[in-house]
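This report concerns only the one structure given below.
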Amino acid sequence: RIVREFKETGRVPNVVNLASQTPATHRLVVRHLDRPGVLAGVLDAIKAEQINVQEMENIVFEGAAAAVARINLDNAPSPQMLERLGAENADIIELDLLKLSPG
C-alpha cells in the first residue's frame, strides 16, 4: 500500500520524520528543456558557491520537451552565477530566484 501510494502520488503516507521547515532561504526556479545534464550543470554551479540544496523537485511537462525544477537553497546564489548559467546553457529557458518567507 505504501509503495503503491508513493508510485501514484510521490508522497509517502505516515512519514513522521520529515522536516516541517528547512533552513532554505531562497528558491531557484529553473525552466529548462528536458535534456540530459541540464540539472547536473545547475547543481554543479550551486555546489561551486558552497550552497546546500534543502529540497528539490523537477516536473516534466506533457510531451517531455520541457520541465521546471524548483530548488530550495540555504543561501542565495550570486547574480554572476545565475547570469553565467543562463548564458552558458542553451537548454535553460529561464531562471528565477525567489526569497522564501520565514516561518
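The values are calculated or read from the model by the stated rules, or taken from the named source; none is laboratory data. For clarity, every value in this text was computed on a predicted model and none was experimentally measured. Glycine also receives a Cβ, built like all others from the backbone with ideal geometry; neighbour counts cover every protein chain displayed.
For this structure, a couple of remarks:
- Taking the criterion of being over 17 Å from the mean Cα position of the chain (by Cα), under 26 Å from D96 (Cα atoms) and at pLDDT 75 or above, no residue of region 1-50 qualifies.
- Here I46, I51 are screened, and the one residue that is crowded, with 16+ Cβ neighbours inside 10 Å, touching a His at 6+ places or on another chain (Cβ under 9 Å) and either more than 16 Å from I92 (Cα to Cα) or not acidic (D, E) (or both) is I51.
- Among helices (runs of 4 or more DSSP H) entirely within the chain, having at least 1 residues that are touching a residue at least 40 places away in the same chain (Cβ under 8 Å) singles out 38-48, 79-88.
- Hits in region 87-103 (condition: modelled with pLDDT of 95 or more and small (G, A, S)): A87, A90
- Hits in region 54-71 (condition: surrounded by 15 or more Cβ atoms within 10 Å (Cβ to Cβ) and within 11 Å of H32 (Cβ to Cβ)): A66, A67, V68, A69
- Of note, D74 does not satisfy the criterion of being more than 18 Å from K99 (Cα to Cα), surrounded by 11 or more Cβ atoms within 10 Å (Cβ to Cβ) and modelled with pLDDT of 95 or more.
- When residues in region 55-75 are screened for being over 18 Å from T25 (Cβ atoms) and of a type outside the set (S, T, N, Q), 10 of them pass.
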